[in-house]
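**Student:** This is the structure, below, for whatever I ask next.
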Amino acid sequence: MPQLLGEYDCKIDAKGRLRLPAALLKQLQAFGSSNYVINRGMTPYLTLFPKTVWEYESAKVNALNGYIEKNQAFKRYFYRGATPLEPDSADRILLPKSLIEYAGIKKSIIIQGMDDRVEIWDKEAYLNDISQEPADFRKLAEETWTSVLTPPPNPYNNPPPGHVLP
């Protein structure tokens, strides 16, 4: 399965366009499309999904029972602000104004490859977030890794029933 790695210091222009770094674009090509979906992150940052990853994650969200209140709330928040993106000829993507405001993005940003997606942070918020390292990283790793006994199956080789990847 392709994996997105790296931390990139970038800037957005006055129109809200972000030029994706060449090294990141090369990694994103492994997902088979230059189309993306951007959305809110779990905290004030943005998440850029390769289209194939978005489709897989959406299929899982869509499988939730929408008649259960918590599921409905999750689905609503998951899709809130989701916007399809396609880079222009200069490999720039236009970040939606509402998402720029949500993430508190000014001009300087950090792009962080995170497995199969990309986090886009306001630089100051990112530096603040990473400065709050856990007091005992070894204990956190032990607690986290005990839940992973074997690697999960590759979702891009085993999509959910009825799901077709491009």
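**Student:** Have a look at I105, I38 and point out the one that is in contact with a Ser or Thr (Cβ under 8 Å, 6 or more places away or on another chain) and β-branched (V, I, T).
**Tutor:** Criteria check complete, one pass: I38.
**Student:** Now a separate question. Among the residues of segment 131-142, are any surrounded by fewer than 17 Cβ atoms within 10 Å (Cβ to Cβ), among the basic types (K, R) and either in a helix (DSSP H, G or I) or touching a Phe, Trp or Tyr at 6+ places or on another chain (Cβ under 8 Å) (or both)?
**Tutor:** Scanning segment 131-142 turns up at least one residue that is surrounded by fewer than 17 Cβ atoms within 10 Å (Cβ to Cβ), among the basic types (K, R) and either in a helix (DSSP H, G or I) or touching a Phe, Trp or Tyr at 6+ places or on another chain (Cβ under 8 Å) (or both).
**Student:** Among the residues of segment 81-111, write down those that are farther than 17 Å from L24 by Cα, surrounded by 12 or more Cβ atoms within 10 Å (Cβ to Cβ) and basic (K, R).
**Tutor:** K106
**Student:** Residues in segment 59-66: is at least one within 24 Å of A125 (Cβ to Cβ) and not in a strand (DSSP E or B)?
**Tutor:** no
Coordinate-derived values only; no laboratory data. Values in this document were obtained by computation on a predicted structure and should not be read as measured data. Heads up, the Cβs are rebuilt from the backbone with ideal geometry, glycines too, and the neighbour counts pull from every protein chain shown.
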